[in-house]
Amino acid sequence: MARAREVILGVGGGIAAYKSCDLLRRLQDRGYSITVVPTPSSLNFVGAATWEALSGQPVTTQVWERVEEVRHISLAKKAESIIIAPATADLIARIATGRADDLLTNLILAVDVPILVVPAMHPQMWLDPATQANVATLKARGYEVMKPDVGRLTGDDIGPGRFPETSSIIERFENIFGIKKDLLDKKVLVTAGGTREPIDPVRYIGNRSSGRQGAAVAVAAQSRGADVTLIIANSQLSVDEEKELAGVNVIAVETALEMHGHLEVEFPKTDILVMSAAVADARPSQVSSGKIKKSDLQNIELTQNPDLLKSISALRKKQIVIAFAAETSLDIALAKAKLEAKGANILYLNDVSEGAIFGSTETRGIIITSNGAQISVPNSTKDSLADLLLDQALIQLG
């Protein structure tokens, strides 16, 4: 499934620019991060301050602004798609001829992502052979160009050239990408990473979980429209992987008890819980306030940690719970017993023997559900598994 979380909204200099304010808001409601790149003339209709306030991102119109960033290149690297709305006759003509006389037209030449053009102009301008030829040129180059609506424009004029309804633009945009937004209005809670139980200020009991699978689920859920909270313990995510979590409510914890406390607060507000964290089964009974000398470190007395999944599942009303079982063999019978004992709806069983899975971007295993389904997951990315698990959760939600 395609994702397009980083969207550039290009705004041309037409009266319909004010309608793009609503388009921006509705895209944000669906989980997209929007950066607005207006043409200089469009600022006569909607100012940069408005776009910055609505998007929460800096707004520039010329390549001479924020030169140290090489703005058209930095934006091109960030963008996953571009929507140009409204696209005036002048802007369409400049794009068709390869002009690069402002930031937006420079950016268009620098990107290699899908571009949706939403024309809006006077009917005579839209129907003019020059405009129609320019539109045909854009389509031939792979641009998606919407037909403008027919209706009243400025003054008493009526005809083709009206800015389409926001819902129509978003529908066309998501159809281009094949994007699902099937988790809108749903709250998804994810645990990730590996808990660490301190022995002293230096040492701890921990595990090899990187947090990548939970982070992948959080990103996938947000991309599908969910309101996502991620409780993550001691992750090994890269800087780029952390950037992917923009827009996710991230709660950082260290120990199993800290994670348990946040779960108790967040779970009642949740529709889907994904328990991908590797939680320590036990913790030291006493934690030394000073570093224990090597000669004194003979044994560690342990206390069992609460079973987070089992205790949280006991609070369940209509929530769907997804569990993970990291084992050293693919024992289906054991996994089914764990699924039932933990009170989960879905369980992902994987084999982590010989250092597999932990810390990797790839995974393999078996999805087992409470309604009897068994889905084999051959070697695939953790991103792909994230969407498979969310698909199964939606099936169980009905």
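The values are calculated or read from the model by the stated rules, or taken from the named source; none is laboratory data. Because the structure is a prediction, the values reported are computed rather than measured. In this analysis, Cβ positions are derived from the backbone assuming ideal geometry, glycine residues included, and neighbour counts consider all displayed protein chains.
Got a number for residues in the range 147-175 being surrounded by 12 or more Cβ atoms within 10 Å (Cβ to Cβ), closer than 17 Å to A17 by Cα and among the β-branched types (V, I, T)?
3
Looking for whichever is in the same structural domain as S20 (by TED's automatic domain parsing), among the acidic types (D, E), in a loop (DSSP other than H, G, I, E, B) and on the phi < 0 side of the Ramachandran plot here; the options are E52, E65. Which one fits?
E65
Considering only the range 15-33, state which residues are within 24 Å of A110 (Cβ to Cβ) and at pLDDT below 95. Spell out how you get there, then give the answer.
From the range 15-33, those within 24 Å of A110 (Cβ to Cβ) are 17, 20, 23-24, 27, 32-33; that's our starting set.
Once the filter is applied, which keeps residues that are within 24 Å of A110 (Cβ to Cβ) and at pLDDT below 95, the range 15-33 yields L27, Y32, S33.
Would the range 261-270 turn up any residue that is part of a loop (DSSP other than H, G, I, E, B) and not polar (S, T, N, Q)? Give the derivation first.
Taking the range 261-270 and keeping what is part of a loop (DSSP other than H, G, I, E, B), we get 270.
With the extra rule that they be not polar (S, T, N, Q), the set shrinks to none.
There is no residue in the range 261-270 that is part of a loop (DSSP other than H, G, I, E, B) and not polar (S, T, N, Q).
Out of (1) assigned to a loop (DSSP other than H, G, I, E, B); (2) under 30 Å from A326 (Cβ atoms), what's the single condition that is false for K147?
Here K147 meets the rest and fails (2).
Out of curiosity, is L153 farther than 30 Å from K269 by Cα, touching a His at 6+ places or on another chain (Cβ under 7 Å) and not acidic (D, E)?
yes
Could you please tell me which pairs satisfy a Cβ distance under 6 Å, a separation of 6+ or placement on different chains, a first residue in the range 265-294 that is free of Cβ contacts under 8 Å to residues at least 60 places away in the same chain, and a second residue that is of a type in the set (A, V, I, L, M)?
So the pair list comes out empty.
If you check V274 against the conditions, is it among the hydrophobic types (A, V, I, L, M, F, W, C), under 16 Å from the mean Cα position of the chain (by Cα), part of a strand (DSSP E or B) and under 17 Å from L183 (Cβ atoms)?
When the stated conditions are applied, V274 passes them.
Say we look at the range 317-351 and pick out the residues that are in contact (Cβ under 8 Å) with a residue 60 or more places away in the chain and of a type in the set (V, I, T); which of these is nearest to G398 (Cα to Cα)?
I320
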